[in-house]
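This report concerns only the one structure given below.
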Amino acid sequence: MHTRWTSLPLLATCVSAFYPYHQDSETKDKRFYPLAPERPSDDQDVYTIDVRRVRRQNAFNIVESTDPTQPHSLAVHQDGQDYSYLSTLRFGSKGQEMHMLIDTGSTNTWVFGSDCKSAACSIHNTFGKDDSSTLTTNSKTFQLAYGTGEVDGVMAQDKIVFANYSLQLPFGLAQTASNDFNNYPMDGILGLGPASSNDLGSKTVMQTLDDQAGLPSNILGIHLQRAKDGSKDGTITIGGLDNSKFKGDIAYTNIKAGSSWEIVVDDVFVGGQACKFSGKSAIIDTGTSYALMPPSDAKVLHALIPGSSSSGESYTVPCDASTTVEVSFSKIKYSISPKDYVGKQGSGNVCASNIIGHQPFGPDQWILGDIFLKNVYSVFDFDKDRIGFGTMSGTVSTTSNTTSSTSTQAPSSSGTSSTATSMETQISTASSTGGGSETPSGNASPFGDDESGSNSTAASAGARYAISGGGWLALVILTTGMVT
């Protein structure tokens, strides 16, 4: 990560994405909460797997998954470092291939336009009238601000083909893009959030699919692969679930009222010990690489991991940590593997923690991204406003019951079971303010380099993000965008 950061208070509706701690005095809307990863480098922590260079003029690599055999499924590729997950869609009459970031954190879908003269557009696949005789644009313009990064352009519509579906889809055609997008291996964003969160003034992908294709169920089943395992079986199944990707039942939790995939968290258990969280909720987001939670919550969690240490909002853990971390929804625990919460190695046996002590929203809101989703088969049910999780096939069970459980009959590929039940569970417990080993003099953060000059072990590991070439990504809705 090359970005610098300043520890300043965040405004309630103003997060300077890419530079999350830079307080922006401007009043422009902030749509997402991203942090730009660097382009791939010779990082020692990159795993040896086959990659395909798919861009015309740049050095981005994509690890392609095998084509799924399940009907109406889409392969999910990634960057080889578990930072971002993408799928290939074909746009227009000529089937222009565009690699789209899978983002359940928003419903806005856009691509880089061929008329865009920005540097970011020149190193990505673009789409325009020369690529399709059926592309139409209108007078509506849009602007999506990402703090230090933004895109703007015009609204368009054309034929889009993916997962054996062909539909006429409205989307944004970006005409300018900030240089922050030089760092992303994507040609656009495929927004898969709930319909109410759309800001482009058009129907979402899932609404359009349901209208034009008549989905058997308006749901998504998502399996994200882990680069460390060398697997290439990431998939999205539209309108149903892929039963080969999970075993047992899917357990559902209703989403909270609002415009995101946000569900109530019962508690977190570390090494079998309850953190005693109460009143917490988590946004489940494929567009976020890590887990983010307010600093006080991260402090409680890491205090239960032996050998952990903190510096500002970043934490380190032993590289050989094996402590179990489990998140409970609807009284069922789901594990986050040490493979996923143990991050980049600093010096010796000190590694950065991929659970970040940063408050992106309210004091009781978290973001659970890919470090969690790689451990479960996830279901996003648009019809019933709920999220489901199941144990992935071929793995040791990552789920367990707490005091009781809420489960469902295993759904078929055509939809969810009619006998499925769900509930939101809140366990009334006293909030813990546990301590833990801290290094108060440092302020290292994977959001950027520490300006304090701290030499703490946590600061060293945090700085590792800056020199490793391995950044991470978060794309989550904050406020409304602009359409004129």
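The values are calculated or read from the model by the stated rules, or taken from the named source; none is laboratory data. The structure presented is a predicted model; accordingly, all values stated were derived computationally and were not measured. Counting neighbours? That spans all protein chains shown, and the Cβs are built from the backbone with ideal geometry, glycine included.
Laid out as a table, the results:
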{"item": "Count - residues of the stretch 199-221 that are under 17 Å from Y165 (Cα atoms) and within 23 Å of the chain's Cα centre (by Cα)", "result": "11"}
{"item": "Unique match (being touching a Phe, Trp or Tyr at 6+ places or on another chain (Cβ under 7 Å) and closer than 17 Å to D242 by Cβ) among I189, I219", "result": "I219"}
{"item": "Single residue of the stretch 194-239 satisfying the filter (closer than 17 Å to A75 by Cβ and of a type in the set (V, I, T)) that is modelled with the lowest pLDDT", "result": "V205"}
{"item": "Residue that is nearest to L74 (Cα to Cα), among those in the stretch 121-153 that are at pLDDT 95 or above and assigned to a loop (DSSP other than H, G, I, E, B)", "result": "T126"}
{"item": "Qualifying residues in the stretch 258-285 (those that are surrounded by fewer than 24 Cβ atoms within 10 Å (Cβ to Cβ) and of a type in the set (S, T, N, Q)) - the one modelled with the lowest pLDDT", "result": "S259"}
{"item": "Single condition K203 does not satisfy, out of (1) in a loop (DSSP other than H, G, I, E, B); (2) touching a Ser or Thr at 6+ places or on another chain (Cβ under 9 Å); (3) not aliphatic (A, V, I, L, M)", "result": "(2)"}
{"item": "Every residue from the stretch 298-328 that is of a type in the set (A, V, I, L, M, F, W, C) and under 14 Å from C275 (Cα atoms)", "result": "A298, V300, L301, A303, L304, I305, V325, V327"}
{"item": "Qualifying residue in the stretch 220-236 (condition: part of a helix (DSSP H, G or I) and either acidic (D, E) or free of Cβ contacts under 8 Å to residues at least 12 places away in the same chain (or both))", "result": "yes"}
{"item": "Flag for D242 being surrounded by fewer than 18 Cβ atoms within 10 Å (Cβ to Cβ) and either at pLDDT below 95 or in the same structural domain as Q70 (by TED's automatic domain parsing) (or both)", "result": "no"}
{"item": "Condition met for A156 (part of a strand (DSSP E or B), assigned by TED's automatic domain parsing to the domain that holds Q78, under 24 Å from H77 (Cβ atoms) and at pLDDT 95 or above)", "result": "no"}
{"item": "Filter pass, A195 being over 30 Å from P338 (Cβ atoms), surrounded by fewer than 24 Cβ atoms within 10 Å (Cβ to Cβ), in contact with a Leu (Cβ under 8 Å, 6 or more places away or on another chain) and touching a residue at least 12 places away in the same chain (Cβ under 8 Å)", "result": "no"}
{"item": "Unique match (being in a strand (DSSP E or B) and touching a strand residue (DSSP E or B) at 6+ places or on another chain (Cβ under 8 Å)) among F181, F171", "result": "F171"}
{"item": "Criterion: in a strand (DSSP E or B), surrounded by 24 or more Cβ atoms within 10 Å (Cβ to Cβ) and in contact (Cβ under 8 Å) with a residue 60 or more places away in the chain - qualifying residue of S289, S310", "result": "S310"}
{"item": "Residue match in the stretch 136-147 (condition: surrounded by fewer than 21 Cβ atoms within 10 Å (Cβ to Cβ), over 20 Å from T204 (Cα atoms) and not assigned by TED's automatic domain parsing to the domain that holds K339)", "result": "no"}
{"item": "Filtered residues of the stretch 91-125 (kept if crowded, with 23+ Cβ neighbours inside 10 Å and among the β-branched types (V, I, T))", "result": "I102, T104, T107, T109, V111"}
{"item": "Residue among S259, S231 that alone is in the same structural domain as S335 (by TED's automatic domain parsing) and either among the hydroxyl-bearing types (S, T, Y) or at negative phi (or both)", "result": "S259"}
{"item": "Positions within the stretch 204-228 being surrounded by fewer than 23 Cβ atoms within 10 Å (Cβ to Cβ), over 23 Å from I250 (Cα atoms) and either touching a helix residue (DSSP H, G or I) at 6+ places or on another chain (Cβ under 7 Å) or among the acidic types (D, E) (or both), in sequence order", "result": "Q207, D211, K228"}
